[in-house]
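Heads up, the thing below is written out as structure tokens.
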């Protein structure tokens, strides 16, 4: 049985989608959801779906190994970021594979502060004809880990940032759980 820990900072729509995708799967379980925001709606979504959740402070995340110890004790196989906004410390990326989904075609629109609406606003401002998603491994720098998967969606010149967000979210929901499953079992072949 492979175990996933999801890290989320906000509403948790991707987290919910991932949890629902793996419900009833005999080979994968979403073990827990972790948040740096005690008011994140992702925590409520996890609770409703029967997934244990944890919150932590900046100090706990960066100045202690409490999170590492708990993840190790839980025998986590993969950490999945789903709207998690903090840089993941090296002590975690050295111990666990960590993957993230970014709402743009990296390396464009990546880096600190480039998330959610800020990405979509930049795409519209630059009049891009396509956008998409990038699923990548996480390293010690924002959005610079090796890319695992990318796919695109066409944009209309009349699209606003909200329209781009809707199209990109559809790609996230369609592809992220499947790619997570592929990553989990890629070493088994």
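Quick grid of which residues meet (1) within 26 Å of residue 178 (Cα to Cα); (2) crowded, with 20+ Cβ neighbours inside 10 Å; (3) in contact with a helix residue (DSSP H, G or I) (Cβ under 9 Å, 6 or more places away or on another chain):
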position	(1), (2), (3)
114	yes, no, yes
119	yes, yes, yes
134	yes, yes, no
142	yes, no, no
148	yes, no, yes
153	yes, no, yes
158	no, no, no
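Taking region 88-189 and the helices (runs of 4 or more DSSP H) fully enclosed by it, the elements with 2 or more residues that are under 25 Å from residue 23 (Cβ atoms) are at 161-186. With respect to the conditions (1) part of a loop (DSSP other than H, G, I, E, B); (2) at negative phi; (3) in the same structural domain as residue 5 (by TED's automatic domain parsing); (4) without any contact (Cβ under 8 Å) to a residue 24 or more places away in the chain, residue 72 lacks only one, and its number is (1). For residue 50, the criteria (1) under 19 Å from the mean Cα position of the chain (by Cα); (2) part of a loop (DSSP other than H, G, I, E, B); (3) surrounded by fewer than 19 Cβ atoms within 10 Å (Cβ to Cβ) hold in every case but one, which is (1).
Whether any residue in region 27-44 is crowded, with 19+ Cβ neighbours inside 10 Å and part of a loop (DSSP other than H, G, I, E, B) is what I want to check. Checking region 27-44: at least one residue is crowded, with 19+ Cβ neighbours inside 10 Å and part of a loop (DSSP other than H, G, I, E, B). So in region 57-75, with the set limited to residues that are surrounded by fewer than 19 Cβ atoms within 10 Å (Cβ to Cβ) and in contact with a strand residue (DSSP E or B) (Cβ under 9 Å, 6 or more places away or on another chain), which one is farthest from residue 175 (Cα to Cα)? Step by step, filter region 57-75, then rank; the result is 70. Scanning region 156-165 turns up one or more residues that are closer than 20 Å to residue 14 by Cβ and touching a strand residue (DSSP E or B) at 6+ places or on another chain (Cβ under 6 Å). Listed conditions (1) under 20 Å from residue 11 (Cα atoms); (2) not assigned by TED's automatic domain parsing to the domain that holds residue 167 are all met by residue 116, apart from (2).
The values are calculated or read from the model by the stated rules, or taken from the named source; none is laboratory data. Keep in mind that this is a model prediction, so the values were computed, not measured. All Cβ positions, glycine included, derive from the backbone under ideal geometry; neighbour counts span all protein chains shown.
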